[in-house]
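Data first, discussion second: the structure below is written as structure tokens.
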Amino acid sequence: MNNHPKPVPSNIAISHPTNGIPLHGQYRRWLFNSSPFLPGRIFSLAIAACLFFLSSEVFASGAHADGDGLGLVSAIGLAIVSACSVAILFHLLNVPALLAYIVSGLLLTFFASNLISSSLDIITNISHLGLVFLLFIIGLEMDLSGILKMGFRAALAVLLQGPVAIAAILAVQYGADAVGIDIPGLGSNHQAFFYFAVACALGSTAVAVKLLGDQFDLRSKAGKITVLTLIAEDICAVGALSYVQSQASSGDGQGQSMALMIGGGIVLAAILVLVAKFILSRIMRRFSKSPDMLALIAIGWCFLCAESISRVGLSAEMGALIAGLTVGRLPQHIEILSKVSSLRDFFMALFFVALGMTLPLPTVAVMGNALALVVIVVISRILLFAPTLLWAKSGLIVSLTAAINLSQLSEFTLLLIPIGIAGGALTTEEGMVISYALMLSVILTGFAIKYNYRIALALTRMFGKTATDGDDSRTTGSAAANHGTGPDIVMLGYFLNAEALVTEIRDKHPELFSRILVIDFNLQSHARIKELGFKVAYGDIGNLETLRHHGIAHAKIILSTISNSFLRGISNQELVEEIGKINPNARVITTADREEETSELLRLGAFRAISASRCSAPAYLTAIEDALLTDRA
């Protein structure tokens, strides 16, 4: 038996290098790492600040002469330019961009309220498209079978995290109210209790997934648990949103009963699933060679589902989630995902800027309660979620790391605030507490996820515990330790050269068939490729996001058998460069038309660059020689 202590996850040293320098020393070195006369980062900060104020002046000069402020397009332009300026500044400070968007909205309110006030309501309504696209993409990416594959106990812990946390926080609030105790950071009346319980129970998909992706930690055991839990929480959040909307509408006599609303939603969802299976799938197949049309059809389907579900009283976000789930079962979903992601990013940025515009300036009392709410969120994650994962035998470090990853408020709580204030359940001050708690939790999460394994190890030592079997580097390490189960050879496109290669593989190395994934957008050839024994996935190899989603970051060999003469939208040179950024360890074998292309591809980092014309030249010469010998005979 090996009694040596298990190694610290390998990604810790990579993700969090300190080189022995104290934290304050690192920031000092970060700030003054350029010329002593003009430090580069200070110059960048100054440029970002100038861009913000200059954008306000530029757009102000185009305001209407009658004093009504900017038009809608100009107001959105000002919001986006300002958000970009502040995001640049915050990026240099290593603070998440989401917080930069909210802060830019606050700054616009302070410096340019007269310009944007007339368009603020319209911007706010338009910005909600960000959440619609967010839920649509979550549906596209959702693998419900992935939860079940974790095992019964782990699946139960993931699925029940949201409801259990809501019930626990509700119980704490009602218990404190019964004995006359006022807990800072929580609701002050029975109507507000549910809103604060939801705020404490649900994490932010937009923040956690982005930060984990930056840390290359989405494929670790803790990362997978975090993502699956966030998906389950998003479903819970949409349900909570639909509930408060139904309560608000039923208060004035215009709503439907909850049972009727849910029943209608289930029936309509079933109809949408059938339509997607028998009609939408055929339309998608018809336009499979046109990625732009696929994206347009998918967006149209998203809004059709969102509007249909909203008609029965549920939220439009729930409809977008159903649309994503139905499209996500189609082979074209990765291509759609890569094209819709940019729309989500744009409207989510606008959503958080609009949130900042609507927030009043905080008071000391509001910030104190917001900080208390953040502390409650962090404690509840560790006390409620980590023990259930331990019960599921996930290991102590994995359990604590997943809980740390979820230590923030969800962006969905921001949708509950205006409903609660309008219905009298929340006061304006309580709405501010939740909003500013979200901002503070985002700041905290930026550092918590960066050092999540170190914090988990420190807590483990604090409790006097040691790592368990589920905590070794194979389960909590970087993504590189977890990709061995997928295809390690990826073939980009299936055309003439690939078809010829198949014959050689069949004759000499048939065992390679099970190790190769073919990515091709021609659905008509997929059945034939599968018959050969390959794994095949739909996708446009000219879209790098598609390749990323299909796992080229973890492939050992990436093969492009199509030359530039037949590629559209990308060249082999660009493929080699971009793949090198995504997966620098991959050996890229590519195709060249001419001899100079071969040299260029090798210079860019290709493992081999094969020129079909050069390889065929000896065969042509042999044929000529055989023909001459035949004539002589």
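FYI, it's all coordinate maths here, none of it is from the lab. Small disclaimer: the values here were computed from a predicted structure and weren't measured. In this analysis, Cβ positions are derived from the backbone assuming ideal geometry, glycine residues included, and neighbour counts consider all displayed protein chains.
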_When a/c reaches 1.5 or more, the comparison of a/b and b/c decides; with that in mind, is the range 102-223 rounded, prolate or oblate per its Cα gyration tensor?_
oblate
*Determine the distance separating the Cα centre of the range 114-142 from the Cα centre of the range 523-544; give it in Å without decimals.*
35
*Could you give me the percent of Cα pairs per 5 Å distance bin for the range 275-331, shortest bin first, beginning at zero and ending with the bin that holds the maximum distance?*
4, 21, 29, 23, 14, 6, 2, 0
*asked:* Give the lysines whose C-alpha is closer than 30 Å to that of Lys149, dropping any in the same chain fewer than 8 places away, or say none.
replied: Lys6, Lys210, Lys221, Lys224, Lys277, Lys339, Lys393, Lys450, Lys465, Lys530, Lys535, Lys556
*Counting Lys +1, Arg +1, Asp -1, Glu -1, what net charge surrounds Leu202 among other residues with beta carbon under 14 Å of its beta carbon?*
-3
*Between Rg and the Kirkwood Rh of the range 516-597, both from Cα atoms, what is the Rg to Rh ratio?*
0.96
*asked:* Using only the Cα atoms of the range 128-471, what semi-axes does the equivalent ellipsoid have when each is the square root of 5 times a gyration tensor eigenvalue? Give whole Å, largest first.
replied: 32, 27, 19
*Taking only the C-alpha atoms, wrap a convex hull around the range 561-633 and report its volume per residue in Å³ as a whole number.*
89
_Ratio of the Cα radius of gyration of the range 489-632 to 2.2 N^0.38 Å, where N counts its residues_ = 1.14
*Count charges around Phe521 for me, please; just the other residues with Cβ under 11 Å from its Cβ, Lys/Arg as +1, Asp/Glu as -1.*
-1
*Do any chymotrypsin sites (Phe, Trp or Tyr not before Pro) in the range 490-573 lie in a loop, going by DSSP, with at most 13 other beta-carbon atoms within 10 Å of their beta carbon, and if so which?*
Phe566
